[in-house]
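One structure below.
The values are calculated or read from the model by the stated rules, or taken from the named source; none is laboratory data. All figures in this text were calculated on a predicted structure; none of them were measured in a lab. All Cβ positions, even for glycine, are placed from backbone atoms using ideal geometry, and neighbour counts span all protein chains on display. Side chains are part of the model used for accessible areas, which takes the heavy atoms of the whole protein and leaves out ligands, DNA and RNA. Shrake-Rupley method; radii C 1.70, N 1.55, O 1.52, S 1.80 Å.
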Amino acid sequence: MEDFATASTNWIDLGDRSHPNLKLVDKLKRKLTYDGHKNDLKELEQAHFGRGRSFDNILRRVREKEKMSKGDRSHPNLVRLDKLMKNVTYDGWRDDFRKAEHKHLHHPFIFDSVLKEIERKQKISIGDRSDEELKVLDSLSLSYPGWKRDWQEAFRGYIQGFSLDYLQIIFCLNEKQRMHNGDRSHPRLVALDTLQLSYPGWEKDVKKYEKRHTCSQLRFGFLGETEARKEIEILKCKQKSYCYGVDDLSWMASDQRTIVNAQWTFHGWKKAVQKVREMTIPGFDFGDTLEHFQVRQLIHNDDYSHHPLLVALSSMKLSYPSWEEDFGRTKRKLNRTSSLFWKDTLEMNIQGMRKKQTVYDGYVRSLKKESKPKSKSMSKQKDEEETGLKECVVCWVARRTHVFVPCGHMCACKACSDHMLERRKICPTCNQPSTMAIEVFVP
């Protein structure tokens, strides 16, 4: 079957495109006119085969681009944007306008934050700093090392539409100042300071804890109250392990301990296990993570018989061009994909390969049909067409068998010839008078 792959490098366009998604892509190819639509349709088609973003998200973007290219800005997001931009004058507003349009098309879920950013930039450009959060930020009295950098980061967060209060940004700036002044009265610091630590590396862990204590939610690693209790428990276990010579993992969830204690050999297992060991998210379900590790190990062992998704992956009958590349990419993705999304990604890739095979099977059938020799019945049909033995021009069911005299047209079957001569006595082809109809026998 591979021989058919060389017949055309564009087998996806020539194969079975009966799937509704592919029918829609083909329809859009005929309708779209905006610049760059060909690349977007290629991306849309790839999404159907399990690559890239969601098919529906790309389809929404494609349709909106076409509307915008024709001057249609009736979408509520664009109506709000156009209304806002009528009163905007600050330097760089055109770049922000294009940024807002881009977010509307590609990331609509953060479009509101971009509008808020434009609004805040405009107010600040005309000296309006009356917003309550900005007034609090302006009123801070800071002197600790690095406060200017932190203040600027907080200001940028405000400009970008974030809530300083919700993200604990103001608290973090004030807490850093209090710690600089020697004030460690916060409960999270009190809990830390009561510990008696001496294990190797404890100083590094304490600094990490303090950094997270003053880390806003604008950054990854924010230390909430529940996380803080977990971190304190881990520090205690590390000290206990150092004192008694036993690795105390009692603070871990059951599946987390299983991952840490199991014997793995797949590529990159050490780094993956260390990452799991360091996870301290309270209530996190490590079930999917453990299953992800097990699947990676099964693939490493070339065992595709002990997990439903691996059975589905290995049982596919694939022959389309570059299927080996897709198969290898799918396995490699399992090592790079987050444990939170590995299952969805694998299922999507399996479905994508199946869809490609369906298209290719249709392409192969079309090539076979074109190259198939004409059957005897087809040859007979051709001979009949050449000798005039087609369907009767009156009933279009029976074969033509009679010639009308004197015009000579062979155009009707026996029943219809008799009927024409009895009723009208004319040839049904030329409407000329006829005296008789003679049956013709063709060998």
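Debye-formula intensities of segment 225-304, expressed as log10 I(q)/I(0) at q = 0.27 Å⁻¹, are -1.31 (one equal scatterer per alpha-carbon, no solvent).
For the chain, the residue among Ile232, Val405, Tyr158 whose Cα projects farthest onto the positive side of the dipole built from Cβ charges is Val405. For the chain, averaging the sequence separation of C-alpha pairs within contact (under 8 Å, six or more residues apart) and dividing by the residue count gives a relative contact order of 14 percent.
Convert 37 °C to kelvin, take the viscosity as 0.692 mPa s, use the Kirkwood radius over C-alpha pairs of the chain as Rh, and evaluate the Stokes-Einstein diffusion coefficient in µm²/s, rounded to a whole number. So the translational diffusion coefficient is about 109 µm²/s. The amide H of Cys411, built 1.01 Å from its N in the peptide plane, has His402, Phe404 as neighbours under 5 Å, considering only residues 5 or more places off or on other chains. Each residue was assigned an accessible area with a 1.4 Å probe, and for Lys270 the value is about 140 Å².
Of the residues Lys135, Lys317, ranked by 1.4 Å probe accessible area with the largest first, the sequence reads Lys317, Lys135. Normalising the average separation of contacting C-alpha pairs (under 8 angstrom, six or more residues apart) by the number of residues puts the relative contact order of segment 225-376 at 19 percent. Is segment 59-124 rounded, prolate or oblate when judged by the Cα gyration tensor, a ≥ b ≥ c being the square roots of its eigenvalues, rounded requiring a/c under 1.5 and prolate requiring a/b larger than b/c? Because a/c hits 1.5 or more and a/b exceeds b/c, segment 59-124 counts as prolate.
Ignoring any ligand, DNA or RNA, what whole percent of the accessible area of the chain comes from carbon and sulfur when the probe is 1.4 angstrom? Carbon-and-sulfur percentage of accessible area, whole number: 52.
The lysines whose alpha-carbon is closer than 21 Å to the alpha-carbon of Lys99, local same-chain residues fewer than 8 away aside, are Lys65, Lys67, Lys70, Lys83, Lys86, Lys116, Lys121, Lys123.
Label-to-label distance for Ile281 and Lys368 is 4.9 nm, based on points extended 7 Å past Cα in the beta-carbon direction. With the convex hull of its Cα atoms as the shape, segment 64-183 has an orientation-averaged projected area of 8.7 nm². Subtracting the Cα-Cα distance of Asn261 and Lys208 from 0.36 nm times their residue separation leaves 16.6 nm of extension gain. Each Cα pair of segment 160-235 feeds into the Kirkwood radius, which the Stokes-Einstein equation turns, at 10 °C and 1.306 mPa s, into a diffusion coefficient of 121 µm²/s. Place a point 7 Å from the Cα of Ser74 along the Cα-to-Cβ direction; which residues of segment 11-31 have their backbone N under 20 Å from it? Residues 31 fall inside that zone. Each label point was placed 7 Å from the Cα along the Cα-to-Cβ direction; for Tyr166 and Arg336 their separation is 3.3 nm.
Magnitude of the charge dipole for segment 1-138, about its Cα centre and with charges confined to Cβ atoms of Lys, Arg (+1) and Asp, Glu (-1), is about 520 debye.
Across segment 1-92, C-alpha contacts under 8 Å between residues 6 or more apart give a mean separation that, scaled by the residue count, equals a relative contact order of 18 percent.
Accessible surface for Cys172 stands near 10 Å², nearest 10, in the context of the full protein assembly shown (1.4 Å probe).
Size of segment 189-337 from its Cα atoms: along the principal axes, largest to smallest, the extents are 65, 38, 24 Å.
Over segment 17-131, accessible surface divided per residue gives 60 Å², non-protein components excluded, 1.4 Å probe.
Multiplying the residue separation of Lys31 and Gln274 by 0.36 nm and removing their Cα-Cα distance gives an extension gain of 82.2 nm. Packing here is the average count of other Cβ atoms within 10 Å per residue, and on that basis the peptides 286-298, 357-369, highest first, run 286-298, 357-369.
Over segment 1-126, the hull volume per residue, using the convex hull of the C-alpha atoms, is 128 Å³.
For a straight C-alpha distance cut-off of 25 angstrom, the lysines reachable from Lys275 (same-chain residues fewer than eight places away being disregarded) are Lys204, Lys207, Lys208, Lys211, Lys230, Lys236, Lys238, Lys240, Lys331, Lys333, Lys343. The helix-only estimate of mean residue ellipticity at 222 nm for the chain, built from DSSP H runs of length n ≥ 4 each weighted as -39500 (n - 2.57), is -18500 deg cm²/dmol after division by the residue total. If you take the square roots of the eigenvalues of the alpha-carbon gyration tensor of segment 274-364 and sort them as a ≥ b ≥ c, do you get rounded (a/c under 1.5), prolate (a/b over b/c) or oblate? Here segment 274-364 falls in the prolate category. Per the Kirkwood formula applied to alpha carbons, segment 115-264 shows a radius of gyration over Rh ratio, Rg over Rh, of 1.10.
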